[in-house]
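The values are calculated or read from the model by the stated rules, or taken from the named source; none is laboratory data. None of these values were measured; they are calculated from a predicted model. Here Cβ is always computed from backbone atoms with ideal geometry, including for glycine, and neighbour counts include all displayed protein chains. Protein only, heavy atoms only, side chains kept; ligands, DNA and RNA dropped before computing areas. Shrake-Rupley method; radii C 1.70, N 1.55, O 1.52, S 1.80 Å.
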Amino acid sequence: MSEAVVESSYVPYTTSTFQYAEYNFENSALELARCQWPNYDDQHYIRGCKWSPDGTCLLTVVRGAGMHVMELQSDLYMGESVLTSRPIVPLQPAVSVPEAGLIYDYCWYPGMNSANPATCCILFVTPFRYLAIKWTRGPIHLWDAFTGDLRCTYRGYNSVDEVEAAMSVTFSADGQNIFCGYKKNVKIFSTSRPGREYVEYPTSHQASCLVASRAQPGVVAIGTWKNTIELVSQSDGSFRSLCKLSGHKGGITTMAFSLDGFRLYSGARKDKEIICWDLRVPGRPMFCVPREVNTNQKISIDLSVDGKWLVSGGTDGKVQVWNVTEQTYPSVHMQMNLHNDCCNGVSLHPYRPILATASGQHHAQDPLHHTRHTSQYENALCMWWIGAQQEDPDLLTTIIRAATNS
C-alpha cells in the first residue's frame, strides 16, 4: 500500500481565523433541504451527520446504505437572511460509498478544503464487514470525498496477530495522526503511513469515543463504555495521563472541546444529562444540562465555532440549545421540535447559521404481531436556517412559480 497523499492545510487556533455565524434560535427554524430514506425491514436509519471543516459538504452515514456526501446549495453561501417562502430543496448525494457493514464512527480530515482535492478525505470505522461468505473484522478506511474511492487502510492487530476491530476514530488537531479506540488500548497511526505501523496507549476499558483539542494540540479525550473519560497528552510517541473524569451513568458516546480548550462537554447512552467539565479544575462537573436519551443509541452534541451555543439531539425528536458563555449554569435554554422520530445527529455549520440534523433509530418488531411498535418513521437528513428570516413581499407569485417550475 502506498503512502496516503494528504497535504496539510491545518490552520492553527486563532480567533481571527473564523467569520462567526449569527444564530437566531428564538425564531422558528426554517427547513432548507431534506433527504429521506425509506424504512424497509432492514431499517435504513441515519447515524448522525457532520459538516466538513470548510462548510461545503455534509457527511452522513445510513445503516445498511453506506456513506453519503451532500453539497451545500450555492445560494446559501452568501446573504444575511433567507425568504420564508424559500422552497425545500431535495438533497442528492454528490458522493456515495456503499458499505454493507455497520459504520461505528467517522470524521473529516481537519484540514479539508474543497479547493485542494488532496485534503478532501473521510475516515471511518467498520468493525465487521461481510466478505465472500463470512463476516470479518474490518480495518479503518480513508476514503476520497471527491471520487468515493478508497485511498488506504489502517490496520490494528491484537495479541495473536489478528486484525482487531476499532470502535472509535478521530484525527489529531493538525491531521498528522489518527487515534483509534480499541478494546484494551488506543492505537495511534501516522496519517501519511497506512498499514500496521502504530503506537499504543493502554486503557482500562474499551474506548468508545475520542475527541482531540484544537486549542491544545496533542491533548485527546478518551471516553469509555465504563462511564469514564481520560485526558491524555501525546507528543513524539510518548503519552502522559492528565486526569480522569467520572460522573456519567452510561457509556460515553459523544464529546466536544470548547474553543479555548478549557471546557469539555460529554454525553452518554441512557443518560439524560450533558456534563460540562472545567478542565482547569477537573475534580467535579461545572454544570449539567438535561436532554432526553433513553436508548443505547449515540445521540450527538455539537458546539458552535465561537463556543457560545451548545446543541444536542434527543430520542424525543427535539433539538436542545443552550447559551454556555456564562460562568455558571446556562440561563438561556431553548428547544426546537424538528423531528417526529429520534434526532440522533446535530451539526452546526462552521460559518453560516445553518443547522444539520439526522433522524431515525432502530424500531423493534413485535414477535407476536410481526409489526413495529410505532408508525412514526423518519429517516431524514435535514438542513435548517436558524438566522434572520425575511417575509416574501410577493408570496403568491413565488408559489405559482414553484408550482409551474418557471
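Could you order TYR182, TYR157, TYR351 by accessible surface area, starting with the largest, using a probe radius of 1.4 Å? It would help to have the intermediate numbers written out before the result.
Details: TYR182 0, TYR157 35, TYR351 70 Å².
Result of the area sort, largest leading: TYR351, TYR157, TYR182.
Return the FRET efficiency for the residue pair THR84, ASN158: r is the Cβ-Cβ distance, R0 is 56 Å, and the value is rounded to the nearest 0.05.
The formula returns an efficiency of 0.50 here.
From the P(r) of the chain, can you give the percent of Cα pairs sitting at distances over 41 Å?
Counting pairs separated by more than 41 Å, the tail of P(r) holds 12 percent.
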**Request:** Could you tell me the accessible area of ILE88 in Å² (1.4 Å probe, neighbours in place), rounded to the nearest ten?
**Result:** 90 Å²
**Asked** Dipole of segment 198-287, Cα-centred, from +1 at each Lys and Arg C-beta and -1 at each Asp and Glu C-beta, to the nearest 20 debye?
**Response** 320 debye
**Message:** Please compute the per residue accessible area over the chain with all protein chains in place, 1.4 Å probe, rounded to a whole number of Å².
**Reply:** 46 Å²
**Item:** Helix 395-404 axis, angle to the chain major axis (alpha carbon atoms, nearest 10°)
**Value:** 70 degrees
**Item:** Mean separation of Cα contacts under 8 Å (6+ apart) over length of the chain, as relative contact order %
**Value:** 17 percent
**Asked** Given R₀ = 25 Å, FRET efficiency for THR404-ASN27 by Cβ-Cβ distance, to 0.05?
**Response** 0.25
**Asked** At what distance in nm do the modelled label points of TYR77 and HIS205 sit from each other, each positioned 7 Å from its Cα along Cα→Cβ?
**Response** 4.6 nm
**Message:** Under 8 Å for C-alpha pairs, at least 6 residues apart: give me the relative contact order for segment 76-230, rounded to a whole percent.
**Reply:** 15 percent
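Around ASP278, under 10 Å between beta carbons, what's the net of Lys plus Arg minus Asp minus Glu among the other residues?
That sum, taken over residues with Cβ under 10 Å, equals +3.
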**Complete:** Distance in Å, no decimals, from the C-alpha centre of segment 33-86 to the one of segment 204-238 is 29 Å
**Prompt:** For segment 168-235, what class follows from the C-alpha gyration tensor (a ≥ b ≥ c being the square roots of its eigenvalues): rounded when a/c is under 1.5, otherwise prolate if a/b is larger than b/c, else oblate?
**Reply:** oblate
